[in-house]
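**Q** One structure coming up, written as structure tokens, with questions to follow.
Nothing in this text is a laboratory measurement; each read-out follows from the coordinates by a stated rule. Everything numeric here is computed off the predicted structure, so don't read it as measured data. Methodologically, a virtual Cβ is constructed for each residue, glycine included, from the backbone with ideal geometry; neighbour enumeration extends over all protein chains shown.
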Amino acid sequence: MDMKKMAGDKAAEYVKDGMVVGLGTGSTAYHMVNAIGERVKNGLKIQAIPTSKATEAQARELGIPLLTIDEVDHVDLDIDGVDEIDPQFNAIKGGGGALYREKVVATLAKEVIWIMDESKLVDHIGAFHLPVEIAQYGSKQAMARMEEYGWKPVLRVRDGKTFVTDNGNYIADLHLGAGFDIEDVREKLGTIVGVLEHGLFLNMCKRMIVGTSSEGVRVIEN
Ligand code: DER
């Protein structure tokens with residue numbers, strides 16, 4: 001069975017009537033949204049906030065009632081994928097380019113669940129590039145500052161063009177290597193004009209739901 005589908009289906013079980021639910025973005029979240037859509041068809045009463053235009057379109061297609069971020073003051077449960085996560089529950093997100101809205105919703109949430117296949121579990125994050133959302137205006141200067149730190153920033157390209165996020169910004173992917181100094185990078189990113197948000201999601205989740213090849217679906221509590 002598809003390990004991502006395993007995790008997505010399991011996560012949908014944590015959604016309860018009356019909740020405001022954050023719907024993540026990516027190939028694992030895709031399965032979770034489908035599973036929630038099925039439950040909504042069978043009577044589940046929720047409202048949801050999508051973390052990307054892609055998830056919004058999928059949720060709308062499934063008849064999941066949607067809210068905009070400005071219509072809520074909290075989220076009961078946010079469920080989303082990750083690109084890497086270490087044993088301290090520090091994650092890198094943003095591989096799908098949705099990190100800004102994902103972080104806004106995750107930060108609002110009373111509870112966060114990360115869903116993934118077993119390949120996302122690492123001892124130290126950083127082998128996966130760290131996505132950073134930067135404004136288009138002055139992006140050259142922001143990239144130069146990140147270059148000076150030795151972070152090897154690469155402007156993300158999709159279909160031969162510079163990738164533009166749902167918010168109209170660019171993504172710089174940093175190549176830091178596994179075991180980089182998380183706090184140091186996080187602090188320095190905060191000083192660079194034009195950096196709007198980054199893909200460090202540190203110790204934000206209550207549990208991880210992991211699809212595995214040999215032990216079925218694992219729930220790892222924080
Ligand atoms: O952009 C993100 O953070 C997404 O959640 C995504 O990168 C997760 O990856 P997946 O498609 O393997 O679930």
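**Q** Relative contact order for the chain: what percent, with Cα pairs under 8 Å and sequence separation of 6 or more? Don't skip to the end; give the middle numbers.
**A** Values: 498 pairs, mean separation 51.9, N = 222.
Once divided by the residue count of the chain, the mean separation gives 23 percent.
**Q** Taking a temperature of 10 °C and a viscosity of 1.306 mPa s, what whole-number D in µm²/s does Stokes-Einstein yield for the range 178-222 with Rh from Kirkwood over alpha carbon pairs? Let's see the in-between values first.
**A** Numbers: Rh = 13.4 Å.
It comes out at roughly 119 µm²/s.
**Q** Two decimals, Cα atoms only, Kirkwood Rh: what is Rg/Rh over the range 16-60?
**A** 0.93
**Q** Roughly what percent of Cα-Cα pairs across the range 1-127 reach past 19 Å? Please report the intermediate quantities before stating the final value.
**A** Numbers: 3437 of 8001 pairs.
Counting pairs separated by more than 19 Å, the tail of P(r) holds 43 percent.
**Q** Just from its helices, what would the mean residue ellipticity at 222 nm be for the chain, if runs of 4 or more DSSP H residues each count -39500 (n - 2.57) and the sum is divided by every residue, rounded to the nearest 500 deg cm²/dmol?
**A** On the way: 6 runs with 63 residues, N = 222.
After summing the helix terms and dividing by the residues of the chain, the value is -8500 deg cm²/dmol.
**Q** What's the magnitude of the charge dipole for the range 86-152 around its Cα centre, counting Lys and Arg as +1 and Asp and Glu as -1 at the beta-carbon? Answer in Debye, nearest 20. Mind dumping the intermediate values first?
**A** Values: 8 positive and 9 negative charges, 65 e Å.
With Lys and Arg at +1 and Asp and Glu at -1, about 320 debye.
**Q** Can I ask one more? On the Cα set of the chain, report Rg and Dmax in Å, please.
**A** 17.2, 54
**Q** In addition: Evaluate the charge dipole of the range 47-179 about its Cα centre and quote only its size in Debye, nearest 20, assuming +1 on the Cβ of each Lys and Arg and -1 on the Cβ of each Asp and Glu. Kindly include the intermediate steps, with their values, before the conclusion.
**A** Working: 13 positive and 22 negative charges, 122 e Å.
Here the size comes out at about 580 debye.
**Q** If you don't mind, there's one more thing I want to ask. When only C-alpha pairs under 8 Å and at least 6 residues apart count, what is the relative contact order of the range 169-222, in percent?
**A** Working: 25 pairs, mean separation 10.9, N = 54.
Here the relative contact order equals 20 percent.
**Q** For the range 94-222, what are Rg and Dmax over the alpha carbons, in angstrom?
**A** Final numbers for Rg and Dmax: 15.6, 48 Å.
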